[in-house]
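*Asks:* Here it is, the structure, as structure tokens.
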Amino acid sequence: MDFSSINPALLVAALMVSSTPILLAALGEMVVERAGVLNLGVEGMMIMGAVTGFVVGFNTEIPALGFVAAAGSGALFALLFGLLTQVLLSNQVATGLGLTLMGLGLSSLIGKPYEGMKAPSLPKIDFGPLSDIPFFGRVLFGHDAIVYLSLGMVAAVWYVLRHTRIGLILKAVGENHDAAHSLGYKVVRIRLAAIAFGGACAGLGGAYLSLVRLPQWTEGMTAGAGWIALAIVVFASWRAGRVLVGAYLFGGLTVLQLNLQAAGMTAGVQYLSMSPYLITILVLVLITSGRFKGAHSAPASLGRLFEVTR
Amino acid sequence: MSETLLSISGLTKAYPGVVANSDVSFDIGVGEVHALLGENGAGKSTLVKMIYGLVKPDTGQMTLRGQPFAPPEPRAARLDGIAMVFQHFSLFDALNVAENIALGMENPPPLRDLAQRICEVSETYGLPLDPDRTVGVLSAGERQRVEIIRCLLQDPKLLIMDEPTSVLTPQEVDILFETLRKLSAEGTAILYISHKLEEIRTLCDTATILRLGKVVGTCTPSETTARDMAEMMVGSALKTPEPSNRPLGEVALSVTGLSVESPSNFGTSLKNIHFDLRQGEILGIGGVAGNGQDELLAALSGETRAANDAIKFNGAAIGQMGPTERRNLGLLAAPEERLGHAAAPNMSLTENAMLTGSTRKKLEKNGFLDWGAARSFAEHVIKQFDVRTPGPGNAARSLSGGNLQKFVIGREVLQDPDVLIVNQPTWGVDAAAAAAIRQALLDLAGKGAAVLVISQDLDELMEISGRFAALNEGRLSDIRPTADLTVEEIGLMMGGAHGMEVAHIEELAR
């Protein structure tokens, strides 16, 4: 084995790129769940974002437009879930699963003519001499706009939930929708907004896969990323900062095990492939147990149907 | 008090199948404490929801200070100076006090300034409250303070209080009344909903009585007896339950050093509880909600396990037994929550009868269910306890609260228990049904069963139980005969006033 072929700066930079789709999807889903809605359709919304982003980006040759379209299609697709669960009061778990199945099918139909084509590339932002700083230059200043956008959104979501009235109302709706209703807050509207936001985030994450990471369209290319995002939300105990830790941990382990395989480590390839899933879950479980146990549990109205009664 | 603040005329609201309010009219004057009386289902809640803008009336008008008043949503009502303290608190457990208060305000100041104001107001009105505490860990009395302070911060002209005292100790009630009187003296009108008649007699200036959605009378509570008001509410004469005078028998249930960790985050753990329950006795356990009542019922019924020796049934240790084994022995229980705990809402009454009666009533043979027997058992309960329902095939959720409660209690009583444990047997039940349930419990004890009644209704416990003890933060007080207990003593047993002090309004005036 030759570990010298692994460059730490490149490893960290690759980690950030590889984590971004999951980070975006998990962040959006966290907001949705804080509003008390369990949307299991993350995978479906991601892949819809991936295919829309690719189709628009490929045809216009402007990747930025692809991302905008992906966010829009994710939000629209999520609003379908919102209509079913919030207005027509269908079961959230079943509807979410249906959304995933439908997204996977619809995206492969839309994406069929585009298979094997190459997406226009998203330019990296030029920070000038800053990116020449050893190690940090490559890690901090060598990325495209979406990576920075995702990090900015983590901070923004944290700030909104923690310090603003909108965030407080969102948490209140997720905590006790009956009480929020009796205080005069529009529970359904607030939840629909959260669902649309979650869909837009998942769509962005999906488009990042098809426009930057691969960058091409392949059927079923999200390959479970949406489910990982869902798991990260739970294990991160619904906190923005821990969602970032969870997503980067998972992305980092994925990149690391690929590097290890490339470096010639042959023993137990299966275990290496499995390790990101195992270790991410293990670490997040450890974070949430012990000292922090019970301090921050699930939103109390999570997954419950809200019906206006007299 | 001559000036009219809010005038209601001809309000009507119908829901499919039921008229909640029919042509309701009355006036509330500035600074008046106005009681709204009525049984469950009389339409009190619908009426105040219309005033608060949560429900729109079908017909009828309201005027506020002479101006037409029709709030499209609570926000508008709040802007016009209407504030409401809800019966089931509209609080968010995971958020802190200041955040909860901010959510109920139109234009809350930044949280730090708000915390400051909460401290000032709570100081002035003698309702101490720490703005940074998480609401989930507060006692019921403290939670109510959060709601009241949320209202006071908005300088209300009309304060609506829906059953505010059901969760308070007597001392806390006194202090609440003191606060309300000061508010009324400052010119705030109070619309006070309750079915505790003695409280209304001490506090309120006028009372409007509702029955089945209609105004059936008004009275001056201080000049009317509680019994007269009750009969106006019910529309018929009331029967007072009569105890039997049977001598007590052997110790049927003995609890020594019972300590159980609460399974839920915001629950209360039981700490070293001792008591003996004798045959033919009714032991009443009072206390403010959330002080371990649910946990005590769970530990005694077998839902949570305790140390084996901590609970002895006729001398045999049963702490590690599950509910079915205990039922087999003759220890039955009826928990507080009717829908979802005592009864499965979507199952029929026959199925619900099967659920707890299968072993004792032999409704199950070799693992096969005898539905015919279950049905006749359910019919027996319905007949004996006058449960108003078309038949045992109806789903539990279709019954009104009082009728379902009669069914749930009747189902256990008719299984001939040696020991029966009930939690809140008449909670949310109208006066006639409550009297019937109490009589059934007294009759059961008269037949030699031991009965443990956990309740927050002190009048009920004084009426039916021979001895009384209070739960406070998971500990049980000394057990005292009810005959020589005063209200003050009971209050102290329940934990006193939790650090409340009487309002010193003078500071506000300065």
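Rule-based calculations on the coordinates, nothing more; no lab input. As the structure is a prediction and not an experimental result, all values here were calculated from the model. Reconstructed Cβ throughout: ideal geometry from the backbone, glycine too, with neighbour counts over all protein chains shown.
*Asks:* Give the value in nm², to one decimal: projected area of the alpha carbon convex hull of the stretch B:201-350, averaged over all directions. Don't skip to the end; give the middle numbers.
*Replies:* On the way: hull surface 55.2 nm².
Result: 13.8 nm².
*Asks:* How far, in degrees from 0 to 90, does helix B:170-185 lean away from the longest principal axis of the Cα atoms of chain B, to the nearest 10?
*Replies:* 20
*Asks:* Follow-up question, since we're still on this one. Cross-link list B:271/B:361; A:186/B:13; B:13/B:182: which exceed 26 angstrom alpha carbon to alpha carbon?
*Replies:* Numbers: B:271/B:361 35 Å; A:186/B:13 22 Å; B:13/B:182 34 Å.
Check vs 26 Å cut-off fails for B:271/B:361; B:13/B:182.
*Asks:* So what's the angle, to the nearest 10 degrees on a 0 to 90 scale, between helix B:431-446 and the longest Cα principal axis of chain B?
*Replies:* 30
*Asks:* Residue B:424's amide H: which non-local residues (gap 5+, or another chain) put their own amide H closer than 5 Å, with H modeled 1.01 Å from N in plane and none for Pro or chain starts?
*Replies:* Those qualifying (amide H under 5 Å, at least 5 residues apart or on another chain) are B:454, B:455, B:456.
*Asks:* Quick one: what are the phi-derived ³J(HN,Hα) couplings along the stretch B:367-378, Karplus 6.51/-1.76/1.60 with θ = phi - 60°, whole Hz, x for glycine and proline?
*Replies:* My calculation for the stretch B:367-378 gives x, 9, 8, 9, 5, x, 5, 4, 5, 6, 5, 4 Hz in order.
*Asks:* Shielding by partners for B:93-101, please: the mean number of other protein chain Cβ atoms within 10 Å of each residue's Cβ. Numbers along the way, then the final one.
*Replies:* Values: counts 5, 11, 5, 0, 0, 0, 4, 5, 0.
Rounded to a whole number, the mean comes out at 3.
*Asks:* List the residues whose amide H sits under 5 Å from the amide H of residue B:470, counting only those 5 or more places along or on another chain, with H placed 1.01 Å from N in the peptide plane.
*Replies:* Under 5 Å from the amide H of residue B:470: B:286, B:477.
*Asks:* In what sequence do B:162, B:443 fall when counting other Cβ within 10 Å, fewest first? Intermediate results must be reported in sequence, preceding the final value.
*Replies:* On the way: B:162 20, B:443 15.
Ranked by crowding around the Cβ, least crowded first: B:443, B:162.
*Asks:* In peptide A:26-34, what is the residue-averaged number of other protein chain Cβ atoms found within 10 Å of each Cβ? The partial results should precede the final answer.
*Replies:* On the way: counts 0, 0, 0, 0, 0, 0, 0, 0, 0.
Per-residue shielding by partner chains comes out at 0.
*Asks:* Ordered by residue, what ³J(HN,Hα) values in Hz, to whole numbers, does the stretch A:137-147 give under the Karplus form 6.51 cos²θ - 1.76 cosθ + 1.60, where θ = phi - 60° and Gly and Pro are x?
*Replies:* Here the 3J(HN,Hα) series is x, 5, 6, 9, 10, x, 10, 8, 4, 5, 4 Hz.
*Asks:* At a Cα cut-off below 18 Å, give the aspartates and glutamates reachable from residue B:365, other chains included and same-chain residues fewer than 8 away excluded.
*Replies:* Straight-line reach from residue B:365, under 18 Å: B:325, B:351.
*Asks:* Output the 0 to 90 degree angle, nearest 10, between the alpha-carbon long axis of helix A:269-288 and the longest principal axis computed from the alpha carbons of chain A.
*Replies:* So the helix axis and the longest Cα principal axis differ by about 40 degrees.
*Asks:* Which whole-number percent gives the relative contact order of the stretch B:1-135, counting Cα pairs below 8 Å spaced six or more residues apart? Don't skip to the end; give the middle numbers.
*Replies:* Working: 183 pairs, mean separation 26.1, N = 135.
Result for the stretch B:1-135 is 19 percent.
*Asks:* To continue, here is another question. I'd like the mean, over residues of B:467-476, of how many other protein chain beta carbons sit within 10 Å of each residue's own Cβ. Mind dumping the intermediate values first?
*Replies:* Numbers: counts 0, 0, 0, 0, 0, 0, 0, 0, 0, 0.
For this peptide, the per-residue mean of nearby foreign Cβ atoms is 0.
*Asks:* For the residues B:285, B:382, what sequence is obtained by ranking on other C-beta atoms within 10 Å, fewest first?
*Replies:* Values: B:285 28, B:382 23.
Fewest-to-most Cβ neighbours within 10 Å comes out as B:382, B:285.
*Asks:* How big, in percent, is the set of alpha carbon pairs in chain B lying more than 37 Å apart?
*Replies:* 33
*Asks:* If you don't mind, another one. At 4 °C and 1.567 mPa s, grab the translational diffusion coefficient of the stretch B:356-435 from Stokes-Einstein with a Kirkwood Rh over Cα pairs, rounded to a whole number in µm² per second. Mind showing how you got there, number by number?
*Replies:* On the way: Rh = 13.4 Å.
The Stokes-Einstein estimate is 97 µm²/s.
*Asks:* What do you get for GluC sites (Glu not before Pro) in the stretch B:245-296 restricted to DSSP loop and a cutoff of at most 13 other Cβ within 10 Å of the site's Cβ?
*Replies:* Loop-located and lightly packed - B:250, B:261.
*Asks:* Please report, in whole Å, how far the alpha carbons of the stretch B:4-239 spread along each principal axis, starting with the longest.
*Replies:* 52, 38, 34
*Asks:* Could you pull out every residue, at least 5 positions away or on a different chain, whose amide H is within less than 5 Å of the one on residue B:210? Hs are placed 1.01 Å off N in the peptide plane, and Pro or chain starts have none.
*Replies:* B:37, B:38, B:216
*Asks:* Turning to a different aspect of this structure: Give me the percent of Cα-Cα pairs in the stretch A:146-280 that sit more than 27 Å apart, rounded to a whole number.
*Replies:* On the way: 3024 of 9045 pairs.
Result: 33 percent of Cα pairs exceed 27 Å.
*Asks:* Another question, if that's okay. Whole-Å semi-axes of the stretch B:251-493's equivalent ellipsoid, largest first, each the root of 5 times a Cα gyration tensor eigenvalue?
*Replies:* Working: eigenvalues 157, 85, 53 Å².
Semi-axes from the Cα gyration tensor: 28, 21, 16 Å.
*Asks:* Give me B:486, A:95, A:222, B:218 sorted ascending by neighbouring Cβ count inside 10 Å, so fewest comes first. Each step should come with its number before you reach the end.
*Replies:* Values: B:486 9, A:95 21, A:222 31, B:218 14.
Least crowded to most crowded, the residues run B:486, B:218, A:95, A:222.
*Asks:* Could you give the spread of the C-alpha atoms of the stretch B:293-402 along their three principal axes, from largest to smallest, in whole angstroms?
*Replies:* 45, 34, 22
*Asks:* For the protein assembly as shown, count all C-alpha to C-alpha pairs, find those more than 35 Å apart, and express that count as a whole percent of the total. The partial results should precede the final answer.
*Replies:* Working: 195735 of 335790 pairs.
Roughly 58 percent, rounded to a whole number.
*Asks:* How big is the stretch B:77-208 on each of its three principal axes, counting only the C-alpha atoms and giving the largest first in Å?
*Replies:* Principal-axis extents of the Cα atoms in the stretch B:77-208, largest first: 40, 31, 24 Å.
*Asks:* What Kirkwood hydrodynamic radius, in Å, does the stretch A:16-225 give when the mean of 1/r is taken over all pairs of distinct Cα atoms and then inverted? Intermediate values should be presented prior to the final figure.
*Replies:* Values: mean 1/r = 0.0570 Å⁻¹.
In the stretch A:16-225 this quantity evaluates to 17.5 Å.
*Asks:* Write out the trypsin sites (Lys or Arg not before Pro) in the stretch B:379-408 meeting two conditions: DSSP loop, and at most 13 other Cβ atoms within 10 Å of their Cβ.
*Replies:* On the way: sites: B:383, B:388, B:397, B:406; in loops: B:388.
Passing both the DSSP loop test and the Cβ count: B:388.
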